[in-house]
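Peer 1: This structure is in structure tokens; I'll ask about it shortly.
Just so it is clear, none of the values below were taken in a lab; they were calculated from the coordinates. Keep in mind that this is a model prediction, so the values were computed, not measured. Glycine gets a Cβ as well: all are built from the backbone with ideal geometry, and neighbour counts include every protein chain shown.
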Amino acid sequence: ITGEGIVPSLRCADIFIESLDKTENINDLTRIYVSRAKKEFNRYSGLHKLVIDIQNNKILTLNNLRYARSALNELREFGISIKTLSIISHFI
């Protein structure tokens, strides 16, 4: 459920409709939508870097831990319980 992209896709649709309500000009619509989508999903850039670092067996940094916490919180929202310390100790 967390990897299918259904929830982010629905949120993108909401952002598009909200942006469409603000303007009818296609250039302005594009600018508003892209700006709002980037703001909404910015945390995924950090999560992507975290995943790449883990796949490359790099030691977690403090900066990466911030994104790890965000990922764990998101998993908890889906009802998936993971112990933070066991994950951190695995990669250190």
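Peer 1: If you go through region 14-30 one residue at a time, do you hit one that is closer than 20 Å to Asn73 by Cα and aliphatic (A, V, I, L, M)?
Peer 2: Taking region 14-30 as the starting set, the residues that turn out to be closer than 20 Å to Asn73 by Cα are none.
The answer is no; no qualifying residue exists.
Peer 1: Quick check on region 1-20. Is at least one of its residues of a type in the set (Asp, Glu), surrounded by 12 or more Cβ atoms within 10 Å (Cβ to Cβ), within 15 Å of the chain's Cα centre (by Cα) and in a helix (DSSP H, G or I)?
Peer 2: No, there is no match, as no residue in region 1-20 is of a type in the set (Asp, Glu), surrounded by 12 or more Cβ atoms within 10 Å (Cβ to Cβ), within 15 Å of the chain's Cα centre (by Cα) and in a helix (DSSP H, G or I).
Peer 1: Now for a different question. From the list Ile59, Ile52, Ile32, which one is of a type in the set (A, V, I, L, M, F, W, C), loosely packed, with under 13 Cβ neighbours inside 10 Å, at negative phi and not in a loop (DSSP other than H, G, I, E, B)?
Peer 2: Working: Ile59 fails: not in a loop (DSSP other than H, G, I, E, B); Ile32 fails: loosely packed, with under 13 Cβ neighbours inside 10 Å.
Checking each option against the conditions leaves just Ile52.
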